[in-house]
Structures are given as C-alpha cells and as structure tokens.
Amino acid sequence: MLDKKYYEGYEGEGEVKIWSNENGNENGMIVWIGYFNTILEGCFSSEFSPNGMIECYFNQDGFYDDKWEMRYPHIVLEELKKFNERILDTKDKEIIKISKEIIEQLVFFINVAVKNKRNIYVEYN
C-alpha cells in the first residue's frame, strides 16, 4: 500500500514515490515534491557521497529521470541524518515540521526494507 498522507491537498502538483515491492504490491509512500525538496535541501552538502539521493538532487538526474533504485540505502540513511533546518531557504515552520516527520518515516521504511532484503525505488512524477 502506498501512503499518500504527505501528498494530500497537493494533488496535481509534483510528487515523489518511494516504495518497495512486496508480494507483487507496492509498499511505501507518496510525498509532495515541496516536502521532498525541503528534505533534500536540508541534507545537502557539497561533499555528498556518490550513489545517494543528494547526488541525484545535485545533478537533477536519477529519480528525476526515471525510476531510480536505491542501491546503497546506507548512504541515503546517512544523508537523512544530516538534515539541518538552518540551511533551508524556507522558514515555514509547518513545512519543516512535516519534512522532519517524513524523514522519520523514510528512515523506518528504509531500515525495514533493508532488513527484509527488498529493493527500494524512488521516482519523481
């Protein structure tokens, strides 16, 4: 099942799907691009690791082009730990709060997928 909680109210705007396949079903979440960009911006470092989400964000490729397989989830988990709201352009407290909630959900989701040896995918629509 895909949880759309973080996309509700933004239908028709950009979305990012993060999921794994479980018994032929997609399991994960759909996130409004505004929250997802806030997360990536808050995790950005000019010294990003190759093969992570921040590299995709910096180069505007990977999940921006097509379905991207998260082959190195440990890199993504490290990137998410580095979220720093002080470097964000937005000062909207609600967007920051929800972005932090999404990070918690992503960390949990990634850890469960890794534990269960499932591939994780990210795609921008």
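The values are calculated or read from the model by the stated rules, or taken from the named source; none is laboratory data. Keep in mind the model is a prediction, meaning the values are calculated, not measured. Neighbour counts are summed over all protein chains in view; Cβ atoms, including those assigned to glycine, are modelled from backbone coordinates with ideal geometry. Areas reflect the complete protein model, heavy atoms only, side chains present, ligands, DNA and RNA absent. Shrake-Rupley method; radii C 1.70, N 1.55, O 1.52, S 1.80 Å.
Data overview
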| item | result |
| --- | --- |
| Pair list, Cβ < 6 Å and 6+ apart or interchain, from the range 31-56 residues that are closer than 20 Å to His74 by Cα to residues that are part of a helix (DSSP H, G or I) and aromatic (Phe, Trp, Tyr) | Leu40/Tyr57; Cys56/Phe63 |
| Counted residues, the range 8-21 - those being part of a loop (DSSP other than H, G, I, E, B) and open to solvent by 20 Å² or more (accessible area, probe 1.4 Å) | 6 |
| Per-region count, the range 22-49, residues outside any loop (DSSP other than H, G, I, E, B), surrounded by 14 or more Cβ atoms within 10 Å (Cβ to Cβ) and not charged (D, E, K, R) | 16 |
| Residue tally, condition under 21 Å from Ser45 (Cα atoms) and either among the acidic types (Asp, Glu) or under 12 Å from the mean Cα position of the chain (by Cα) (or both), over the range 84-100 | 4 |
